[in-house]
Amino acid sequence: MSRIELKDLRKEFGSVVAVKDLNLTIEDGEFIVLVGPSGCGKTTTLRMIAGFEDPTAGEIKLDGSIVNDLEPRDRDLGMVFQSHALFPHKNVADNIVFGLRMKNVGKEEQLQKLQEVSDLVRISHLLTKMPAQCSGGESQRIALARTLVTEPSNFLLDEPLSSLDAKLRRELRAECDRLHAELQKTFVYVTHDQEEAMTLADRIVVMDQGVIVQMGSPIDIYSDPVSYFVADFFGNPAMNLIPGEFVQNGSGIEFKSDQFNVPLNEKFSSVPIGSGTFGIRPENVKVVSSSNGSDRKIGLVEPLGKDTLLYFETDSDRPFVAVVDGTENHTAGSPVELNFPQENIFLFDSNGDRIRA
Ligand SMILES: Nc1ncnc2c1ncn2[C@@H]1O[C@H](COP(=O)(O)OP(=O)(O)O)[C@@H](O)[C@H]1O
Ligand SMILES: [Mg+2]
């Protein structure tokens, strides 16, 4: 059993408030991903859980007991960092069992555990190599093994894959998933990469400027963002977000901007008049070829195989994007109509808060 509770957790560095009164309970066996832009307080939060950083205020509980004053080594946590910092003069095997030696684990048990974890992360063939002879992906596996071997109840991982190239990242991401399923331990994983968060998490915790802005399953976060910030952060290509005005139009409300005017149906009748943002995900935009000479022309066609991205110029520095099936035939310059199904529309007020229907 291992449950992590953070209560009003706060960290100040001089005048910088890195983490603002954070409240979060992480259940036993859960895979939690803390995600947000650089500087939002993810690492600081993780380091406080691990015991490398003293909170300015608040409590950290492990299994119901306050651990604020416990040394890192007494917290039963395993931490994996972005830079894997292996001992350069020890071979891979010695790097992995280092933690066990420190705990005076017997030679025989060391060997047995070494065998187990190196099988688990598939590095048995590397054990006699030196770190300098290993690739980035191999080094990251070794770093994982070094943490796994000590059998902590909780794993804390700080951007463990961000130094790797895209293909390796995907591979090791799948590995993390498999490890979690196999070990059934608690994983707290930090990343700035929304895709990593979406694919790995049981529950995503979105942070911005030291604060949790939304928590939920990946699909909740994607389909029901609470704000412009969250809507913009998740999804690739990102949600189309168009600044404009909500105006009264007869008995209904219409969104108006220089290039997009969208009448909103009755369910949006309580939208406050004034400036705001209209949002629609690229995959929800309906692109219809226009026979009667629409003013809207496809700017750029980007075939990706299964899908094709269509770009439209806008007044802002961000193009409007639609995703269509890769089998559809489109050419740059051809006139089209863009339709926005009402059930896929997101609206945000001038503060960036979601306006719900
Ligand atoms: N040791 C430190 N001294 C001063 N400021 C720090 C220190 N560590 C982090 N910060 C500041 O705290 C904020 C959060 O940093 P961090 O937790 O590293 O963010 P993230 O991991 O999300 O990128 C940033 O503004 C950062 O500059
Ligand atoms: Mg960080």
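The values are calculated or read from the model by the stated rules, or taken from the named source; none is laboratory data. Only a predicted model underlies this, so the values are computations on that prediction, with no experimental measurement involved. No Cβ is skipped: glycine too gets one built from the backbone with ideal geometry, and neighbour counts run over all protein chains shown.
Overview of results
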{"quantity": "Any hit, the range 53-71, residues being outside any strand (DSSP E or B), touching a Leu at 6+ places or on another chain (Cβ under 7 Å), within 16 Å of ligand 1 (Cβ to nearest atom) and not hydrophobic (A, V, I, L, M, F, W, C)", "calculated": "yes"}
{"quantity": "Selection from the range 296-317 of residues that are free of Cβ contacts under 8 Å to residues at least 40 places away in the same chain and not in a strand (DSSP E or B)", "calculated": "I298, G299, L304, G305, K306, E313, D317"}
{"quantity": "Residue within the range 240-256 that is in contact (Cβ under 8 Å) with a residue 24 or more places away in the chain and assigned to a loop (DSSP other than H, G, I, E, B) present", "calculated": "no"}
{"quantity": "Failed criterion for M48 (all others in (1) more than 22 Å from R141 (Cβ to Cβ); (2) away from ligand 2 (no atom under 16 Å from the Cβ) hold)", "calculated": "(2)"}
{"quantity": "Test: residue in the range 100-107 that is within 29 Å of S15 (Cβ to Cβ) and away from ligand 1 (no atom under 16 Å from the Cβ)", "calculated": "no"}
{"quantity": "Residue in the range 196-208 that is closer than 24 Å to P319 by Cβ and assigned by TED's automatic domain parsing to the domain that holds F31 present", "calculated": "yes"}
{"quantity": "Residue within the range 60-75 that is closer than 30 Å to Q115 by Cα and in contact with an Asp or Glu (Cβ under 6 Å, 6 or more places away or on another chain) present", "calculated": "no"}
{"quantity": "Checking T308 against (1) out of contact with any His (no Cβ under 9 Å at 6 or more places or on another chain); (2) at pLDDT 90 or above, the condition it does not meet", "calculated": "(1)"}
{"quantity": "Unique match (being within 16 Å of ligand 2 (Cβ to nearest atom) and of a type in the set (D, E)) among E53, E108", "calculated": "E53"}
